[in-house]
Amino acid sequence: MSAAAPIVIIGTGLSGFSLAREIRKQDKEIPILMVTADDGYSYSKPMLSTGFTKGKEAEELAQATAAAMVEQLNIDLRAHTTVTGIDTAAHQLLIGDERLDYAKLVLAWGADVIRLTIEGDGHEQVYSINDLMDYRAFRKAVAGKQRVAIMGAGLIGCEFANDLRNGGIEVDIIAPSDTVMPGLLPKPAADAVVDALTEAGVGFHLETVVERIDKDGDGVRLQLANGETLAADLVISAVGLRPRTSLAVEAGLEAGRGIMVNRALETSAPDVYALGDCAEVDGHVLLYVLPLMACARALAKTLLGERSEVAYGTMPVMVKTPCCPTAVCPPPASAEGAWEVERDGNSVRALFKAEDGQILGFAVTGDYALEKQTLAKEVPPIHN
Ligand SMILES: Cc1cc2nc3c(=O)[nH]c(=O)nc-3n(C[C@H](O)[C@H](O)[C@H](O)COP(=O)(O)OP(=O)(O)OC[C@H]3O[C@@H](n4cnc5c(N)ncnc54)[C@H](O)[C@@H]3O)c2cc1C
């Protein structure tokens, strides 16, 4: 490794750029090289699922080009460059045959969308939207179209459903669960979101799956396991994300659901760190913005010589379904207690309480969503 080797950050998503910003707050000069498979534009990924209502093209969601980020952060940046391997013994990363030295290496390379294997010849019309380039492709495809089928009833599927519906598109959601966002919301809160989206005109096909997608004129026909068929111009697949671990595993790093790091964001290899959607931090895989920002703050200090551990506060998740505003702070998996639920139309207040009355988690929808900040103060941090 050469003496002047930089801190190398792989990935220019919110994790990569947040980390670079945090480093620059403390050190204006230390060499930083960012390497990214995409175009290196800075953008806020949560905006992707509200862009349709606002009529935003991809370029309008981008906050800065790669060139502007190079200037702003005093970094080197290689866009459209896919890292193909890591040699931890040599402190080098591999880009095909090229080898680059690093002093410290940060993996901020995010998560892959899960792609289902489904029969039929209509796959060209199936889109997943997990970055600005995906959004650009989808926006282009959906122009002038009327009907979109969404596979998956998770947070992202519901947000896209609401967003597209607001934009006048007919939307159907197909999912195997009996309500939306299972695992994130307790059922009464989830059902309130289903009711509100239904009132907004979204069609639900729950407790079933898509078995075939075939071309049908300019659009597609979806065959569902329950015998229904649906016509659509396009399909969005929003069935989940999987932290990118394969290159890390090939390099001998420990990985579980994500690349395993401790609270100092250290992987099992010296001078290699991970944060964001690719990381499993002390057993937690949290694919949200607030955790990655907390990680970026701690890691910047560590990289500059003051080893620091991340401490998460209480981090409620806002679901961007304006027809039924929703906030949730799930109780820890190990928490003992029970849900107490009040429902008034599509307004639900669900509190997960321990035997002694302590609130350990909550989900609030509709008018009760206004209480999210007050409730968040009462919930102990999941991961202190
Ligand atoms: C539609 C949508 C809405 C969301 N809404 C919210 C919300 O409201 N609130 C919230 O908290 N969270 C939300 N999230 C989640 C949140 O946006 C993510 O957790 C966060 O953006 C992840 O950032 P990241 O930098 O870790 O990963 P990414 O943004 O995925 O960045 C990964 C980077 O790594 C690069 N890369 C990958 N592999 C390689 C390689 N081999 N070589 C070089 N570069 C590589 C990619 O090109 C990219 O630059 C949403 C997610 C989506 C998809």
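Any idea what the dipole of the chain comes to, in debye rounded to 20, about its Cα centre with Lys/Arg Cβ at +1 and Asp/Glu Cβ at -1?
Values: 34 positive and 53 negative charges, 160 e Å.
Here the chain has a charge dipole of around 760 debye.
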Gaussian network model of the chain, springs between alpha carbon atoms under 10 Å - residue of PRO270, PRO243, PRO316 with greatest fluctuation: PRO270
Name the trypsin sites (Lys or Arg not before Pro) in the range 296-384 that are in a loop by DSSP and that have at most 15 other C-beta atoms within 10 Å, would you? ARG307
If you consider only alpha-carbon coordinates, what radius of gyration and Dmax does the range 115-237 have, in Å? 13.7, 41
For the range 325-378, averaging the sequence separation of alpha carbon pairs under 8 Å that lie six or more residues apart and dividing by its residue count, the contact order in percent is 39
Where the centroid of each part is defined by its Cα atoms, how far is the range 95-157 from the range 288-319 in Å? 26
Estimated Rh, the range 50-118: Kirkwood, alpha-carbon pairs, angstrom: 15.6
With a 27 Å threshold on alpha-carbon distance, the violating pairs from LYS54/LYS372; LYS25/LYS45; LYS187/LYS353; LYS140/LYS187; LYS56/LYS104 are LYS140/LYS187; LYS56/LYS104
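Specify whether the C-alpha gyration tensor of the chain places it in the rounded, prolate or oblate class, a ≥ b ≥ c being the square roots of the eigenvalues: rounded for a/c under 1.5, otherwise prolate if a/b is larger than b/c and oblate if not.
Numbers: a/c = 1.96, a/b = 1.32, b/c = 1.49.
In terms of gyration-tensor shape, oblate.
Hey, what does the equivalent ellipsoid look like for the range 325-378, semi-axes from the Cα gyration tensor as sqrt of 5 times each eigenvalue, largest first, whole Å? Before the final figure, lay out the partial values.
Details: eigenvalues 71, 26, 16 Å².
Semi-axes (√(5λ), whole Å): 19, 11, 9.
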Most mobile of ASP172, ASP282, ASP163 in a GNM of the chain (Cα contacts under 10 Å): ASP282
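May I ask for the Rg/Rh ratio of the range 50-194, computed from Cα atoms with Rh as the Kirkwood radius, given to two decimals?
Working: Rg = 19.8 Å, Rh = 18.8 Å.
Using Cα coordinates only, the ratio equals 1.06.
Every number here is computed from the coordinates shown, using simple stated rules; none is lab data. Remember, predicted model here, so these are calculated numbers, not experimental data. With ideal geometry, Cβ positions are generated from the backbone for all residues, glycine too; neighbour counts draw on all protein chains shown.
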